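Since every read-out is calculated from the coordinates, none of them should be taken as a lab result. Computed from a prediction, not measured in an experiment: that's the story for all the values here. Positions of Cβ are generated from backbone atoms using ideal geometry, with glycine treated the same way; all protein chains shown enter the neighbour counts.
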2 protein chains.
Amino acid sequence: MDSIRIIEVKESVFADNNREADRIRSDLKAKKTFLLNLMSSPGSGKTTLLTKVLAKLKNEMKIGVMEADIDSDVDAHTIANMGVDAIQLHTGGMCHLDAGMTEQGLKELGAENYDLVVLENVGNLVCPAEFDTGAVKNLMILSVPEGHDKPLKYPLIFTVCDALVINKIDVLPYFDFDMDRVAEYAHMRNPKLEVFPISAKTGEGIEAVCGWLRQQVADWQA
Amino acid sequence: MDSIRIIEVKESVFADNNREADRIRSDLKAKKTFLLNLMSSPGSGKTTLLTKVLAKLKNEMKIGVMEADIDSDVDAHTIANMGVDAIQLHTGGMCHLDAGMTEQGLKELGAENYDLVVLENVGNLVCPAEFDTGAVKNLMILSVPEGHDKPLKYPLIFTVCDALVINKIDVLPYFDFDMDRVAEYAHMRNPKLEVFPISAKTGEGIEAVCGWLRQQVADWQA
């Protein structure tokens with residue numbers, strides 16, 4: 001339990017976050033390292049999805065994980081217990097990660113050693129969407145209990161993401177959640193958004209997410 | 001559907017948010033208006049709780065509602081359709097409300113006409129907790145699907161709240177959620193926090209929340 005490195009990341013010193021993010025992506029391209037930025041509300045299932053995806057992919061490619069959190073390190077322990085390299089980024093109360101903070105994590109982790117690095121962002125549908133972290137792709141999770149109206153209320157995050165995972169479909173019978181409408185609302189924000197209905201708990205749909213991720217990593221390394 | 005006033009609130013001009021919040025509270029005290037700040041993650045059930053509470057209290061006291069949202073106005077319509085005065089505050093992308101933004105809403109609503117004004121904050125467990133809105137009390141919702149570990153990960157909001165509503169207890173059988181542990185973790189952050197397990201959907205526990213709110217309003221007006 002005491003092997004997790006905890007990095008206290010500082011707010012970026014860079015005035016132009018977008019330019020810094022582009023610089024990070026160029027650097028990752030040269031290193032053939034794919035960076036995925038994983039975002040959602042608190043409790044949507046980011047860490048659980050990650051454990052299921054890592055179980056399938058960890059023997060196919062070299063993977064490192066950066067767990068961002070305001071204060072705790074429970075998620076990094078969960079990942080490390082799977083035998084996957086993980087570090088914990090503490091944001092010191094900050095509600096999001098920017099490019100500079102992400103870069104501090106990439107350096108600590110040693111991004112050049114991995115095919116895939118996953119950044120689990122702070123649980124928040126608002127602020128993380130406003131800051132390009134330097135990730136190659138953004139994936140967000142919306143879970144069934146949160147409701148299908150969220151693309152109407154939190155438009156930006158649906159706009160900036162490349163893939164939308166709808167998690168907790170095992171509890172669909174107990175909630176008023178309309179799968180067609182959530183896709184319709186999400187595509188109003190972003191017509192190219194790929195949608196993956198899954199249950200991280202039961203494993204349903206995980207293979208489709210892994211397939212998408214495998215293809216993204218292969219395209220980036222080609 | 002076109003009767004909702006939408007107020008584009010601007011970021012506060014006040015350097016000292018806490019002092020401004022104290023000024024708002026003094027002013028509310030003089031007017032005998034109780035302001036409740038309602039916070040939670042997206043989709044935890046703020047508006048649904050509010051509709052259930054309003055149904056019980058709207059004939060007992062004069063109530064006004066300020067619905068804060070980044071972009072939509074669906075929640076204000078829901079409240080107005082109950083025959084309760086409601087305005088929509090648009091934050092223009094901002095992830096929280098501060099005291100100055102709240103005051104703009106109170107002026108538009110005409111706070112002096114109400115015993116109770118409810119501010120439904122932006123759905124976010126991080127940023128709203130950092131800004132005193134001038135509310136007399138803060139109430140937060142955590143819903144069962146979000147998990148009982150949230151007080152470990154989002155400490156500040158549990159610290160600044162006076163009451164914690166645990167919503168969606170009707171789906172407890174389908175989630176790994178430990179009611180004793182969430183109370184234990186929450187009380188580590190704030191020993192005085194009052195905890196109300198409810199289901200806004202079935203109505204279970206709503207009367208206890210109404211009882212708490214009645215007492216708070218009565219104490220403030222005494």
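Working note: Cα gyration tensor of the protein assembly as shown, eigenvalues times five, square-rooted, sorted largest first, giving semi-axes of 38, 23, 21 Å.
Stokes-Einstein diffusion coefficient for the stretch A:96-192 at 20 °C in a medium of 1.002 mPa s, Rh from the Kirkwood formula over Cα pairs: what value in µm²/s?
Answer from the Stokes-Einstein relation: 146 µm²/s.
To test your reading of the geometry: what angle, between 0 and 90 degrees and rounded to tens, separates the Cα axis of helix A:179-189 from the longest principal axis of chain A? It is inclined by approximately 50 degrees. Tell me, for the rotation carrying A onto B, which chain A residue has the beta-carbon closest to the axis and what that distance is in whole Å. Spelled out, residue of A and its Cβ distance from the axis onto B: A:P145, 2.
Dipole check for chain A: with +1 at the C-beta of Lys and Arg, -1 at the C-beta of Asp and Glu, and the Cα centre as origin, the magnitude is about 500 Debye. Counts of other chain beta carbons within 10 angstrom of each beta carbon in peptide A:141-147 average 5.
Relative to the dominant Cα principal axis of chain A, helix A:46-57 is inclined by about 70°.
Only lysine pairs 8 or more places apart, or on different chains, with alpha-carbon atoms under 20 angstrom apart are counted in the stretch A:39-196, and they number 19.
Each copy carries A:K29; placing its label point 7 Å along the C-beta direction from Cα gives inter-copy distances of 6.1 nm, listed from smallest up.
In peptide A:72-78, how many Cβ atoms from other protein chains are near each Cβ within 10 Å, on average? Show your work: numbers first, answer last.
On the way: counts 6, 1, 3, 2, 0, 0, 0.
What the average comes to for A:72-78 is 2.
For the pair A:M188 and A:D22, label points projected 7 Å from Cα toward Cβ lie 3.2 nm apart. Between the C-alpha center of the stretch A:32-70 and that of the stretch A:167-201 there is a gap of 20 Å.
Shape call for the stretch B:6-76 from the C-alpha gyration tensor, a ≥ b ≥ c root eigenvalues: rounded (a/c under 1.5), prolate (a/b greater than b/c) or oblate? The partial results should precede the final answer.
Details: a/c = 2.13, a/b = 1.23, b/c = 1.74.
Note, shape of the stretch B:6-76 comes out oblate.
Each principal axis of the stretch B:112-165 carries a Cα extent, and these read 40, 21, 18 Å when sorted largest first. Within the stretch B:1-72, the trypsin sites (Lys or Arg not before Pro) that combine a DSSP coil assignment with at most 12 other C-beta atoms in a 10 angstrom radius are B:K10.
For the stretch A:53-95, calculate the relative contact order in percent as a whole number, restricting contacts to Cα pairs under 8 Å that are 6 or more residues apart.
Details: 53 pairs, mean separation 18.4, N = 43.
The normalised contact order for the stretch A:53-95 reaches 43 percent.
Taking Cβ separations below 4.7 Å as the criterion for a possible disulfide partner, the isolated cysteines in the protein assembly as shown are A:C161, A:C210, B:C161, B:C210. Sorted from shortest to longest, the distances between the A:K10 label points of this copy and the other copies are 3.4 nm, with each point 7 Å from Cα along the line through the beta carbon. Shielding by partners for peptide B:149-157, expressed as the average number of C-beta atoms from other protein chains within 10 Å of each residue's C-beta, is 5.
Once you sort the root eigenvalues of the Cα gyration tensor of the stretch B:1-127 as a ≥ b ≥ c, which label holds: rounded (a/c under 1.5), prolate (a/b larger than b/c) or oblate (the other case)?
On the way: a/c = 1.56, a/b = 1.14, b/c = 1.37.
Note, shape of the stretch B:1-127 comes out oblate.
Comparing B:Y114, B:Y174, B:Y185 in a Gaussian network model of chain B (Cα springs below 10 Å), the most mobile by mean-square fluctuation is B:Y174.
Based solely on its DSSP helices, what 222 nm [θ] is calculated for chain B when runs of n ≥ 4 H residues each add -39,500 (n - 2.57) and the sum is averaged over all residues, nearest 500 deg cm²/dmol? Could you put the intermediate results ahead of the total?
Values: 8 runs with 82 residues, N = 222.
Computed mean residue ellipticity for chain B: -11000 deg cm²/dmol.
What the Cα atoms of chain B give is an Rg and a Dmax of 16.4, 48 Å.
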